[in-house]
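Each remark here refers to the structure printed beneath this line.
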Amino acid sequence: MAKIIVMTSGKGGVGKTTSSAAFAVGLAKRGHRTAVIDFDVGLRNLDIAMGCERRVVYDLVNVLNGEATLRQALIRDKRLENLSILAASQTRDKDALEIEPLGKIFDELRKDFDYIVCDSPAGIEKGAVAALYFADEAIIVTNPEISSVRDSDRILGILASKSKRAEKGEEPVKENLLVTRYDPLRVEKGEMLSVEDVQEILSIPLLGVIPESEAVLRASNIGQPVILDGDSAPAQAYEDAVGRFLGETIEHRFMRPARRGFFARLMGRTA
Amino acid sequence: MSSNPQSHAEGRNNNQRSASPMPLRGASYTMMVLSLTELAQPDFFPRLQAKISQAPSFFDGAPILLNLEGTSGGSASDFKELVARLRELRLALVGVQGGDDAQHEAAMDVGLAIFPSWRAGSRGLRDLAMPVSGSSSAPEPVVEVKRPLLIERPVRSGTRIYAEGTDLVVTAPVGAGSELLADGSIHVYAPLRGRALAGVSGDTDARIFCRHLAAELLSIAGRHLVNEEIADAVLGQPVHVRLEGDQLLIETVD
Ligand SMILES: Nc1ncnc2c1ncn2[C@@H]1O[C@H](COP(=O)(O)OP(=O)(O)O)[C@@H](O)[C@H]1O
Ligand SMILES: [Mg+2]
(Lines give C-alpha, C1' and ligand atoms only; values in the text may rest on other atoms or scores of the structure.)
(Ligands and ions follow the chains in the order given, each with its own letter.)
Protein backbone atom coordinates (compact mmCIF):
# COMPACT_ATOMS: atom_id res chain seq x y z
CA MET A 1 0.00 0.00 0.00
CA ALA A 2 1.53 3.26 -1.15
CA LYS A 3 2.05 5.93 1.45
CA ILE A 4 1.66 9.67 0.91
CA ILE A 5 3.92 11.87 3.03
CA VAL A 6 3.60 15.64 3.30
CA MET A 7 6.58 17.77 4.31
CA THR A 8 4.93 20.82 5.84
CA SER A 9 5.56 23.65 8.30
CA GLY A 10 3.38 26.70 7.87
CA LYS A 11 6.48 28.89 7.92
CA GLY A 12 8.73 29.40 4.92
CA GLY A 13 12.47 28.84 4.74
CA VAL A 14 12.62 26.24 7.49
CA GLY A 15 13.90 23.35 5.35
CA LYS A 16 10.86 21.67 3.77
CA THR A 17 12.37 21.43 0.32
CA THR A 18 15.76 20.35 1.68
CA SER A 19 14.02 17.67 3.74
CA SER A 20 11.74 16.54 0.90
CA ALA A 21 14.75 15.98 -1.34
CA ALA A 22 16.63 14.18 1.43
CA PHE A 23 13.72 11.93 2.35
CA ALA A 24 12.92 11.07 -1.26
CA VAL A 25 16.53 10.08 -1.90
CA GLY A 26 16.78 8.24 1.43
CA LEU A 27 13.67 6.18 0.71
CA ALA A 28 14.74 5.45 -2.88
CA LYS A 29 18.23 4.45 -1.73
CA ARG A 30 16.64 1.81 0.44
CA GLY A 31 14.93 0.36 -2.60
CA HIS A 32 11.49 1.93 -2.32
CA ARG A 33 9.85 3.26 -5.46
CA THR A 34 9.58 6.94 -4.64
CA ALA A 35 8.09 10.05 -6.21
CA VAL A 36 8.62 13.56 -4.89
CA ILE A 37 6.20 16.32 -5.87
CA ASP A 38 6.71 20.07 -5.67
CA PHE A 39 3.50 21.78 -4.54
CA ASP A 40 5.12 25.20 -4.34
CA VAL A 41 3.46 26.49 -7.49
CA GLY A 42 4.93 29.83 -8.48
CA LEU A 43 8.07 29.38 -6.38
CA ARG A 44 9.35 26.06 -7.57
CA ASN A 45 12.71 24.95 -6.26
CA LEU A 46 12.50 21.25 -5.57
CA ASP A 47 13.79 20.64 -9.11
CA ILE A 48 16.85 22.72 -8.25
CA ALA A 49 17.39 20.87 -4.98
CA MET A 50 17.18 17.61 -6.94
CA GLY A 51 19.44 18.93 -9.69
CA CYS A 52 16.97 18.34 -12.51
CA GLU A 53 15.85 21.90 -13.21
CA ARG A 54 17.20 21.77 -16.75
CA ARG A 55 15.10 18.74 -17.63
CA VAL A 56 11.65 20.06 -16.75
CA VAL A 57 9.20 19.87 -19.65
CA TYR A 58 5.84 19.45 -17.97
CA ASP A 59 4.81 20.15 -14.42
CA LEU A 60 2.10 19.34 -11.90
CA VAL A 61 -0.29 22.00 -13.21
CA ASN A 62 0.07 20.68 -16.76
CA VAL A 63 -1.00 17.26 -15.53
CA LEU A 64 -3.88 18.71 -13.51
CA ASN A 65 -5.10 20.58 -16.57
CA GLY A 66 -4.80 17.53 -18.79
CA GLU A 67 -2.07 19.15 -20.89
CA ALA A 68 0.32 16.29 -20.19
CA THR A 69 0.13 12.78 -18.79
CA LEU A 70 1.70 11.89 -15.48
CA ARG A 71 4.17 9.66 -17.33
CA GLN A 72 5.28 12.59 -19.49
CA ALA A 73 5.68 14.93 -16.55
CA LEU A 74 7.56 12.67 -14.13
CA ILE A 75 11.32 13.22 -14.32
CA ARG A 76 13.46 10.19 -13.64
CA ASP A 77 16.34 10.90 -11.23
CA LYS A 78 19.79 10.37 -12.78
CA ARG A 79 21.27 8.82 -9.64
CA LEU A 80 18.49 6.50 -8.56
CA GLU A 81 16.33 4.77 -11.14
CA ASN A 82 13.42 4.18 -8.71
CA LEU A 83 13.12 7.90 -7.92
CA SER A 84 10.99 10.37 -9.88
CA ILE A 85 10.33 14.08 -9.54
CA LEU A 86 7.22 16.04 -10.45
CA ALA A 87 8.07 19.73 -10.71
CA ALA A 88 5.85 22.70 -9.89
CA SER A 89 4.85 25.32 -12.39
CA GLN A 90 6.67 28.61 -12.04
CA THR A 91 4.15 30.59 -14.04
CA ARG A 92 0.82 29.73 -12.47
CA ASP A 93 -0.46 30.36 -9.00
CA LYS A 94 -1.53 28.09 -6.20
CA ASP A 95 -5.20 28.44 -7.05
CA ALA A 96 -4.52 26.01 -9.87
CA LEU A 97 -4.39 23.22 -7.28
CA GLU A 98 -7.89 21.72 -7.22
CA ILE A 99 -8.48 18.81 -4.89
CA GLU A 100 -10.52 16.65 -7.23
CA PRO A 101 -8.08 16.33 -10.14
CA LEU A 102 -5.26 16.00 -7.60
CA GLY A 103 -7.03 12.95 -6.21
CA LYS A 104 -6.88 11.33 -9.63
CA ILE A 105 -3.15 11.99 -9.89
CA PHE A 106 -2.58 10.42 -6.48
CA ASP A 107 -4.66 7.38 -7.45
CA GLU A 108 -2.38 6.90 -10.43
CA LEU A 109 0.80 7.51 -8.43
CA ARG A 110 -0.24 5.00 -5.79
CA LYS A 111 -0.14 2.28 -8.43
CA ASP A 112 3.47 2.89 -9.41
CA PHE A 113 5.14 4.08 -6.19
CA ASP A 114 5.63 2.98 -2.59
CA TYR A 115 6.18 6.47 -1.24
CA ILE A 116 4.96 9.80 -2.53
CA VAL A 117 6.64 12.78 -0.84
CA CYS A 118 4.80 16.10 -1.14
CA ASP A 119 6.89 19.25 -0.69
CA SER A 120 4.41 21.80 0.66
CA PRO A 121 4.55 25.53 0.05
CA ALA A 122 4.64 27.82 3.09
CA GLY A 123 1.44 29.29 4.47
CA ILE A 124 -1.89 27.80 5.37
CA GLU A 125 -3.76 28.67 2.18
CA LYS A 126 -4.92 26.60 -0.74
CA GLY A 127 -1.49 25.38 -1.85
CA ALA A 128 -0.52 24.10 1.59
CA VAL A 129 -3.91 22.50 2.11
CA ALA A 130 -3.69 20.81 -1.31
CA ALA A 131 -0.27 19.40 -0.40
CA LEU A 132 -1.48 17.88 2.87
CA TYR A 133 -5.01 16.90 1.86
CA PHE A 134 -4.25 13.33 0.75
CA ALA A 135 -1.45 12.65 3.23
CA ASP A 136 -1.18 9.48 5.28
CA GLU A 137 1.74 10.85 7.27
CA ALA A 138 2.98 14.36 7.89
CA ILE A 139 6.50 15.43 8.68
CA ILE A 140 6.31 18.74 10.49
CA VAL A 141 9.48 20.66 9.70
CA THR A 142 10.23 23.07 12.51
CA ASN A 143 13.12 25.39 13.35
CA PRO A 144 13.91 25.85 17.03
CA GLU A 145 12.35 29.28 17.33
CA ILE A 146 9.00 30.48 18.61
CA SER A 147 7.48 31.69 15.35
CA SER A 148 8.29 28.45 13.55
CA VAL A 149 6.88 26.37 16.39
CA ARG A 150 3.74 28.47 16.42
CA ASP A 151 3.24 27.98 12.68
CA SER A 152 3.82 24.25 13.04
CA ASP A 153 1.13 24.14 15.69
CA ARG A 154 -1.18 25.93 13.27
CA ILE A 155 -0.50 23.49 10.45
CA LEU A 156 -1.08 20.57 12.84
CA GLY A 157 -4.51 22.05 13.49
CA ILE A 158 -5.18 22.18 9.76
CA LEU A 159 -4.03 18.58 9.34
CA ALA A 160 -6.46 17.56 12.05
CA SER A 161 -9.36 19.42 10.47
CA LYS A 162 -8.88 19.86 6.73
CA SER A 163 -7.08 16.73 5.55
CA LYS A 164 -9.03 14.06 3.73
CA ARG A 165 -8.59 11.70 6.65
CA ALA A 166 -10.08 14.31 8.98
CA GLU A 167 -12.95 15.12 6.64
CA LYS A 168 -13.79 11.46 6.16
CA GLY A 169 -13.42 10.69 9.86
CA GLU A 170 -10.70 8.13 9.15
CA GLU A 171 -7.67 7.41 11.31
CA PRO A 172 -5.86 10.76 11.66
CA VAL A 173 -2.79 11.67 9.63
CA LYS A 174 0.27 10.38 11.49
CA GLU A 175 2.33 13.29 12.78
CA ASN A 176 6.15 13.35 12.95
CA LEU A 177 8.37 16.16 14.17
CA LEU A 178 11.56 17.02 12.29
CA VAL A 179 13.57 19.79 13.94
CA THR A 180 15.88 21.36 11.37
CA ARG A 181 18.65 23.97 11.38
CA TYR A 182 19.46 22.95 14.95
CA ASP A 183 22.45 24.61 16.51
CA PRO A 184 23.21 23.00 19.89
CA LEU A 185 25.71 25.73 20.78
CA ARG A 186 23.12 28.45 20.37
CA VAL A 187 20.65 26.34 22.30
CA GLU A 188 23.15 26.11 25.15
CA LYS A 189 23.48 29.88 25.14
CA GLY A 190 19.71 30.17 25.32
CA GLU A 191 19.46 31.80 21.89
CA MET A 192 17.28 29.02 20.50
CA LEU A 193 14.67 26.66 21.81
CA SER A 194 15.86 23.18 22.69
CA VAL A 195 14.42 20.08 21.03
CA GLU A 196 12.76 19.29 24.34
CA ASP A 197 11.07 22.72 24.35
CA VAL A 198 9.80 22.26 20.80
CA GLN A 199 8.56 18.79 21.50
CA GLU A 200 6.88 19.86 24.70
CA ILE A 201 4.94 22.57 22.90
CA LEU A 202 3.92 20.52 19.88
CA SER A 203 3.58 17.20 21.70
CA ILE A 204 4.13 14.94 18.69
CA PRO A 205 6.76 12.19 18.30
CA LEU A 206 10.27 13.28 17.33
CA LEU A 207 11.49 11.85 14.04
CA GLY A 208 14.86 13.56 14.01
CA VAL A 209 17.04 16.58 14.55
CA ILE A 210 18.97 18.00 11.59
CA PRO A 211 21.88 20.20 12.61
CA GLU A 212 22.54 23.59 11.07
CA SER A 213 25.35 23.03 8.61
CA GLU A 214 27.07 24.66 5.67
CA ALA A 215 26.93 21.30 3.97
CA VAL A 216 23.25 22.00 3.19
CA LEU A 217 24.00 25.14 1.21
CA ARG A 218 26.95 23.45 -0.51
CA ALA A 219 24.71 20.58 -1.54
CA SER A 220 21.91 22.75 -2.86
CA ASN A 221 24.38 24.79 -4.89
CA ILE A 222 25.40 21.69 -6.82
CA GLY A 223 21.87 20.28 -7.03
CA GLN A 224 22.66 17.29 -4.90
CA PRO A 225 20.37 16.41 -1.99
CA VAL A 226 22.46 16.77 1.17
CA ILE A 227 21.72 13.20 2.24
CA LEU A 228 24.14 12.12 -0.50
CA ASP A 229 26.98 14.06 1.17
CA GLY A 230 27.88 10.95 3.11
CA ASP A 231 30.24 12.24 5.79
CA SER A 232 28.40 15.40 6.69
CA ALA A 233 26.34 15.67 9.84
CA PRO A 234 23.08 16.60 8.05
CA ALA A 235 23.47 13.60 5.72
CA GLN A 236 23.79 11.25 8.68
CA ALA A 237 20.97 12.98 10.51
CA TYR A 238 18.66 12.61 7.50
CA GLU A 239 19.67 8.94 7.09
CA ASP A 240 18.76 8.34 10.72
CA ALA A 241 15.43 10.12 10.30
CA VAL A 242 14.52 8.07 7.22
CA GLY A 243 15.42 4.92 9.14
CA ARG A 244 13.22 5.91 12.06
CA PHE A 245 10.43 6.79 9.66
CA LEU A 246 10.62 3.23 8.36
CA GLY A 247 10.37 1.88 11.87
CA GLU A 248 14.02 1.35 12.82
CA THR A 249 15.12 2.20 16.34
CA ILE A 250 17.99 4.66 16.06
CA GLU A 251 19.29 6.78 18.89
CA HIS A 252 19.03 10.55 18.41
CA ARG A 253 22.23 12.37 17.59
CA PHE A 254 23.36 15.94 16.91
CA MET A 255 21.41 17.31 19.85
CA ARG A 256 24.48 18.26 21.91
CA PRO A 257 27.37 20.45 20.78
CA ALA A 258 30.02 18.36 19.03
CA ARG A 259 33.42 18.51 20.70
CA ARG A 260 35.36 20.08 17.90
CA GLY A 261 38.73 18.61 17.12
CA PHE A 262 41.87 20.66 16.84
CA PHE A 263 41.96 20.41 13.04
CA ALA A 264 38.31 21.21 12.60
CA ARG A 265 38.81 24.33 14.71
CA LEU A 266 41.86 25.30 12.69
CA MET A 267 39.99 24.89 9.43
CA GLY A 268 36.91 26.75 10.75
CA ARG A 269 34.65 23.84 9.82
CA THR A 270 31.34 23.72 11.63
CA ALA A 271 30.15 20.24 10.92
CA MET B 1 -6.49 45.27 25.00
CA SER B 2 -9.66 47.25 24.55
CA SER B 3 -11.99 44.87 22.79
CA ASN B 4 -14.34 42.90 24.94
CA PRO B 5 -13.53 39.20 24.66
CA GLN B 6 -17.13 38.40 25.43
CA SER B 7 -18.15 39.50 21.98
CA HIS B 8 -16.82 36.24 20.53
CA ALA B 9 -19.60 34.21 22.00
CA GLU B 10 -22.16 36.57 20.63
CA GLY B 11 -20.94 36.17 17.08
CA ARG B 12 -24.05 34.20 16.22
CA ASN B 13 -26.10 37.38 16.43
CA ASN B 14 -23.86 39.33 14.13
CA ASN B 15 -26.36 39.58 11.30
CA GLN B 16 -28.57 41.91 13.30
CA ARG B 17 -26.07 44.67 13.06
CA SER B 18 -27.88 47.66 14.49
CA ALA B 19 -29.78 45.84 17.22
CA SER B 20 -28.22 46.10 20.64
CA PRO B 21 -27.62 42.74 22.32
CA MET B 22 -30.61 41.18 24.06
CA PRO B 23 -30.56 41.70 27.83
CA LEU B 24 -31.74 38.11 28.28
CA ARG B 25 -29.34 35.26 28.81
CA GLY B 26 -29.79 31.53 28.97
CA ALA B 27 -29.00 29.31 31.93
CA SER B 28 -29.98 25.83 32.96
CA TYR B 29 -30.64 24.54 36.42
CA THR B 30 -31.38 21.30 38.14
CA MET B 31 -34.83 21.38 39.70
CA MET B 32 -36.90 19.13 41.92
CA VAL B 33 -40.12 17.85 40.46
CA LEU B 34 -43.29 16.97 42.37
CA SER B 35 -46.02 15.04 40.67
CA LEU B 36 -49.62 16.00 41.24
CA THR B 37 -50.70 12.36 41.56
CA GLU B 38 -48.33 11.98 44.51
CA LEU B 39 -49.50 15.24 45.94
CA ALA B 40 -53.04 13.95 45.97
CA GLN B 41 -52.12 11.21 48.44
CA PRO B 42 -53.50 12.01 51.88
CA ASP B 43 -50.15 11.72 53.70
CA PHE B 44 -48.18 13.69 51.13
CA PHE B 45 -47.42 16.80 53.13
CA PRO B 46 -46.36 14.99 56.31
CA ARG B 47 -44.04 12.81 54.21
CA LEU B 48 -42.57 15.80 52.44
CA GLN B 49 -42.10 17.55 55.76
CA ALA B 50 -40.26 14.52 57.10
CA LYS B 51 -37.99 14.40 54.06
CA ILE B 52 -37.16 18.09 54.33
CA SER B 53 -36.28 17.83 57.98
CA GLN B 54 -33.58 15.28 57.10
CA ALA B 55 -31.68 17.92 55.11
CA PRO B 56 -33.24 21.31 55.69
CA SER B 57 -30.51 23.35 54.03
CA PHE B 58 -30.70 21.28 50.87
CA PHE B 59 -34.37 22.20 50.45
CA ASP B 60 -34.36 25.73 51.83
CA GLY B 61 -35.87 28.01 49.18
CA ALA B 62 -35.52 25.36 46.49
CA PRO B 63 -37.43 25.86 43.24
CA ILE B 64 -40.04 23.18 42.56
CA LEU B 65 -41.66 22.08 39.34
CA LEU B 66 -45.11 20.47 39.43
CA ASN B 67 -45.68 17.60 37.04
CA LEU B 68 -49.32 17.47 35.96
CA GLU B 69 -48.99 14.42 33.77
CA GLY B 70 -51.96 12.07 33.92
CA THR B 71 -54.16 14.55 35.78
CA SER B 72 -56.85 17.04 34.88
CA GLY B 73 -58.73 19.84 36.55
CA GLY B 74 -57.55 22.43 39.02
CA SER B 75 -58.46 26.11 39.13
CA ALA B 76 -56.33 29.16 39.60
CA SER B 77 -57.23 29.25 43.26
CA ASP B 78 -56.16 25.59 43.65
CA PHE B 79 -52.73 26.47 42.26
CA LYS B 80 -52.60 29.53 44.49
CA GLU B 81 -53.27 27.43 47.54
CA LEU B 82 -50.60 24.92 46.54
CA VAL B 83 -48.04 27.71 46.11
CA ALA B 84 -48.89 28.91 49.63
CA ARG B 85 -48.64 25.45 51.19
CA LEU B 86 -45.25 24.84 49.61
CA ARG B 87 -44.08 28.26 50.66
CA GLU B 88 -44.84 27.30 54.26
CA LEU B 89 -42.26 24.56 53.80
CA ARG B 90 -39.86 27.14 52.27
CA LEU B 91 -40.21 25.64 48.79
CA ALA B 92 -40.90 27.84 45.77
CA LEU B 93 -43.25 26.47 43.14
CA VAL B 94 -42.02 28.03 39.89
CA GLY B 95 -43.99 26.25 37.22
CA VAL B 96 -45.81 23.24 35.87
CA GLN B 97 -45.16 20.72 33.16
CA GLY B 98 -47.46 18.24 31.39
CA GLY B 99 -51.19 18.65 31.86
CA ASP B 100 -53.79 20.17 29.56
CA ASP B 101 -54.57 23.64 28.26
CA ALA B 102 -57.07 24.42 31.01
CA GLN B 103 -54.48 23.56 33.65
CA HIS B 104 -51.89 25.70 31.90
CA GLU B 105 -54.30 28.66 31.80
CA ALA B 106 -55.00 28.33 35.51
CA ALA B 107 -51.29 28.01 36.34
CA MET B 108 -50.40 31.04 34.21
CA ASP B 109 -53.10 33.06 35.99
CA VAL B 110 -51.23 32.74 39.26
CA GLY B 111 -47.86 33.51 37.68
CA LEU B 112 -46.47 29.99 37.20
CA ALA B 113 -44.39 29.11 34.17
CA ILE B 114 -45.21 26.29 31.74
CA PHE B 115 -42.21 23.98 31.25
CA PRO B 116 -41.90 21.56 28.35
CA SER B 117 -42.88 17.97 29.09
CA TRP B 118 -40.57 15.01 29.05
CA ARG B 119 -40.72 13.22 25.81
CA ALA B 120 -42.31 9.80 26.02
CA GLY B 121 -39.85 7.25 27.27
CA SER B 122 -37.19 9.83 28.04
CA ARG B 123 -35.07 9.62 31.10
CA GLY B 124 -37.14 12.25 32.78
CA LEU B 125 -37.87 11.80 36.40
CA ARG B 126 -35.85 9.95 38.91
CA ASP B 127 -36.42 9.51 42.58
CA LEU B 128 -34.86 12.33 44.43
CA ALA B 129 -31.86 11.33 46.41
CA MET B 130 -30.61 14.00 48.69
CA PRO B 131 -27.77 14.37 51.13
CA VAL B 132 -28.94 12.89 54.35
CA SER B 133 -26.86 13.31 57.46
CA GLY B 134 -25.40 9.99 58.53
CA SER B 135 -26.15 8.34 55.20
CA SER B 136 -23.49 7.69 52.59
CA SER B 137 -25.74 7.86 49.53
CA ALA B 138 -24.53 10.53 47.15
CA PRO B 139 -26.97 13.12 45.86
CA GLU B 140 -28.19 12.36 42.40
CA PRO B 141 -29.49 15.16 40.22
CA VAL B 142 -33.13 14.93 39.23
CA VAL B 143 -32.57 16.37 35.78
CA GLU B 144 -29.95 15.05 33.38
CA VAL B 145 -26.62 16.87 33.82
CA LYS B 146 -25.24 18.60 30.76
CA ARG B 147 -21.88 16.95 30.23
CA PRO B 148 -18.83 19.15 29.74
CA LEU B 149 -17.35 19.33 26.28
CA LEU B 150 -14.33 17.01 26.41
CA ILE B 151 -11.37 17.60 24.09
CA GLU B 152 -8.63 14.97 24.18
CA ARG B 153 -6.41 16.09 21.31
CA PRO B 154 -4.03 19.06 21.39
CA VAL B 155 -5.80 22.34 20.63
CA ARG B 156 -3.70 23.83 17.84
CA SER B 157 -2.96 27.46 17.01
CA GLY B 158 -5.78 28.97 14.98
CA THR B 159 -8.42 26.69 16.47
CA ARG B 160 -11.38 27.95 18.46
CA ILE B 161 -13.46 25.72 20.68
CA TYR B 162 -16.72 26.84 22.28
CA ALA B 163 -18.49 24.85 24.98
CA GLU B 164 -22.01 26.18 24.68
CA GLY B 165 -24.03 26.09 27.87
CA THR B 166 -21.49 23.90 29.62
CA ASP B 167 -17.95 23.45 30.88
CA LEU B 168 -14.94 22.73 28.72
CA VAL B 169 -12.43 20.06 29.69
CA VAL B 170 -9.20 19.71 27.72
CA THR B 171 -6.76 16.91 28.48
CA ALA B 172 -4.04 17.88 25.95
CA PRO B 173 -1.91 20.99 25.42
CA VAL B 174 -3.62 24.19 24.31
CA GLY B 175 -1.35 25.98 21.85
CA ALA B 176 -0.54 29.67 21.61
CA GLY B 177 -2.85 31.29 19.09
CA SER B 178 -5.80 29.08 19.96
CA GLU B 179 -8.92 30.08 21.83
CA LEU B 180 -11.08 28.25 24.36
CA LEU B 181 -14.54 29.60 25.11
CA ALA B 182 -17.08 28.23 27.56
CA ASP B 183 -20.34 29.36 29.05
CA GLY B 184 -19.19 27.46 32.12
CA SER B 185 -15.73 26.78 33.49
CA ILE B 186 -12.58 25.71 31.64
CA HIS B 187 -10.32 22.90 32.85
CA VAL B 188 -7.02 22.20 31.09
CA TYR B 189 -5.06 19.19 32.31
CA ALA B 190 -1.97 20.28 30.35
CA PRO B 191 -0.16 23.51 29.54
CA LEU B 192 -2.48 26.39 28.61
CA ARG B 193 -0.74 28.68 26.11
CA GLY B 194 -3.69 30.06 24.18
CA ARG B 195 -6.59 32.25 25.24
CA ALA B 196 -9.12 30.95 27.75
CA LEU B 197 -12.46 32.70 28.18
CA ALA B 198 -14.82 31.20 30.73
CA GLY B 199 -18.34 32.38 31.54
CA VAL B 200 -18.63 34.06 28.15
CA SER B 201 -22.41 34.47 28.57
CA GLY B 202 -21.90 36.29 31.82
CA ASP B 203 -21.54 33.57 34.46
CA THR B 204 -19.36 35.25 37.08
CA ASP B 205 -18.99 31.94 38.98
CA ALA B 206 -17.18 30.31 36.05
CA ARG B 207 -13.56 29.38 36.70
CA ILE B 208 -10.43 28.42 34.84
CA PHE B 209 -8.10 25.66 35.95
CA CYS B 210 -4.90 24.56 34.27
CA ARG B 211 -1.80 22.50 34.93
CA HIS B 212 0.68 25.01 33.56
CA LEU B 213 -0.28 28.64 33.10
CA ALA B 214 1.16 30.31 29.99
CA ALA B 215 -2.09 31.77 28.66
CA GLU B 216 -2.15 34.67 26.23
CA LEU B 217 -5.33 35.86 27.86
CA LEU B 218 -7.58 34.79 30.73
CA SER B 219 -11.15 35.98 30.93
CA ILE B 220 -14.11 35.25 33.19
CA ALA B 221 -17.46 36.85 32.40
CA GLY B 222 -15.72 39.52 30.34
CA ARG B 223 -13.14 40.54 32.96
CA HIS B 224 -9.75 39.73 31.52
CA LEU B 225 -6.01 39.74 31.95
CA VAL B 226 -3.50 39.57 29.12
CA ASN B 227 -0.32 37.58 29.54
CA GLU B 228 1.71 40.67 30.38
CA GLU B 229 -0.59 41.43 33.30
CA ILE B 230 -0.23 37.97 34.81
CA ALA B 231 2.15 37.85 37.76
CA ASP B 232 5.44 36.01 37.11
CA ALA B 233 4.91 34.05 40.29
CA VAL B 234 1.97 32.15 38.82
CA LEU B 235 3.24 31.76 35.25
CA GLY B 236 4.25 28.19 34.60
CA GLN B 237 2.33 27.04 37.67
CA PRO B 238 -0.79 24.95 38.08
CA VAL B 239 -3.51 27.48 38.85
CA HIS B 240 -7.12 28.16 39.67
CA VAL B 241 -8.58 31.40 38.32
CA ARG B 242 -11.80 32.96 39.58
CA LEU B 243 -13.53 36.30 39.83
CA GLU B 244 -13.48 38.14 43.07
CA GLY B 245 -15.61 41.20 42.68
CA ASP B 246 -14.31 42.73 39.50
CA GLN B 247 -10.85 41.23 39.69
CA LEU B 248 -9.46 38.02 38.33
CA LEU B 249 -7.80 36.14 41.13
CA ILE B 250 -5.13 33.61 40.19
CA GLU B 251 -4.05 31.12 42.83
CA THR B 252 -1.60 28.29 42.50
CA VAL B 253 -2.87 24.83 43.31
CA ASP B 254 -1.02 21.59 43.97
N1 LIG C 1 20.19 22.05 8.21
C2 LIG C 1 20.42 23.21 7.54
N3 LIG C 1 21.56 23.89 7.76
C4 LIG C 1 21.80 25.04 7.11
N5 LIG C 1 20.97 25.59 6.22
C6 LIG C 1 19.81 24.96 5.96
C7 LIG C 1 19.47 23.74 6.60
N8 LIG C 1 18.26 23.36 6.14
C9 LIG C 1 17.86 24.28 5.23
N10 LIG C 1 18.81 25.26 5.11
C11 LIG C 1 18.74 26.43 4.24
O12 LIG C 1 17.58 27.16 4.54
C13 LIG C 1 17.02 27.73 3.36
C14 LIG C 1 15.59 27.29 3.22
O15 LIG C 1 15.53 25.89 3.02
P16 LIG C 1 14.36 25.20 2.19
O17 LIG C 1 14.57 23.75 2.28
O18 LIG C 1 14.26 25.80 0.83
O19 LIG C 1 13.14 25.65 3.06
P20 LIG C 1 11.55 25.67 2.70
O21 LIG C 1 11.32 24.68 1.62
O22 LIG C 1 10.92 25.30 3.99
O23 LIG C 1 11.24 27.06 2.31
C24 LIG C 1 17.90 27.26 2.22
O25 LIG C 1 18.79 28.28 1.92
C26 LIG C 1 18.62 26.07 2.78
O27 LIG C 1 19.88 25.89 2.18
MG1 LIG D 1 10.33 24.99 -0.29
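The values are calculated or read from the model by the stated rules, or taken from the named source; none is laboratory data. Note that this is a predicted model, so its numbers are computed, not measured. Don't worry about glycine lacking a Cβ; one is built from the backbone with ideal geometry, like all the others, and counts go over all protein chains shown. Note: accessible area is taken over every heavy atom of the protein model, side chains too, but ligands, DNA and RNA are not part of it. Shrake-Rupley method; radii C 1.70, N 1.55, O 1.52, S 1.80 Å.
General observations
- Angstrom value of the Kirkwood radius, inverse mean 1/r, which spans all Cα pairs in the protein assembly as shown: 27.8 Å
- Rg(Cα) / (2.2 N^0.38 Å) computed for region A:1-141, rounded to two decimals: 0.91
- Computed magnitude of the charge dipole of region B:31-127 (debye, nearest 20; Cβ of K, R +1, Cβ of D, E -1): 420 debye
- Between helix A:99-112 and chain A: long-axis angle, C-alpha atoms, 0 to 90°, nearest 10: 70 degrees
- Area of residue A:3 that stays accessible when all protein chains are in place (1.4 Å probe, Å², to 10): 70 Å²
- The C-alpha atoms of region A:95-164 occupy a region whose extents along the principal axes are 40, 26, 18 Å, arranged from largest to smallest.
- Antiparallel DSSP beta bridges within region B:146-252, percent to nearest 5: 35 percent
- Sites residue A:189 and residue B:233, calculated FRET efficiency, Cβ-Cβ separation with R0 30 Å, nearest 0.05: 0.65
- Counting every pair of alpha carbons in region B:31-127, the share spaced more than 22 Å apart comes to 26 percent.
- Exposure ranking of B:205, B:183 by accessible area [1.4 Å probe, largest first]: B:205, B:183
- Rolling a 1.4 Å probe over the protein chains gives residue B:108 an accessible area of about 110 Å².
- DSSP-defined antiparallel bridges as percent of all bridges, chain A, nearest 5: 5 percent
- The figure for residue A:9 is an accessible area of roughly 0 square angstrom, using a 1.4 Å probe on the protein chains alone.
- Surface exposure of chain A, expressed per residue as accessible area with a 1.4 Å probe, stands at 46 Å².
- Placing a label point 7 Å from the Cα of residue B:49 along the Cα-to-Cβ line, the residues of region B:74-92 whose backbone N sits under 11 Å from it are B:89.
- Three-way shape label, region B:146-252, alpha-carbon gyration tensor, a/c 1.5: oblate
- Share, in percent, of DSSP beta bridges within the protein assembly as shown that are antiparallel, nearest 5: 20 percent
- Ellipticity estimate at 222 nm from DSSP helix runs (n ≥ 4, -39,500 (n - 2.57)) divided over the protein assembly as shown, nearest 500: -8000 deg cm²/dmol
- Inter-label distance, nm, simple model (7 Å from Cα along the C-beta direction), residue B:72/residue B:251: 5.8 nm
- Separation of the residue A:91 and residue B:153 label points, Cα + 7 Å toward Cβ, nm: 4.1 nm
- Between the amide H of residue B:99 and those of B:68, B:69, B:70, B:71, distances stay under 5 Å, these residues lying 5 or more places away or on another chain, with hydrogens modeled in the peptide plane.
- The residues B:44, A:254, sorted by heavy-atom accessible surface at 1.4 Å with ligands and nucleic acids left out, run A:254, B:44 from largest to smallest.
- Rg and Dmax of chain A, Cα atoms only, in Å: 17.9, 59
- Prolate/oblate/rounded call for region A:189-248, Cα gyration tensor, a/c under 1.5 rounded: oblate
- Counting Lys and Arg as +1 and Asp and Glu as -1 over every other residue whose Cβ lies under 12 Å from the Cβ of residue A:241, the net charge comes to -1.
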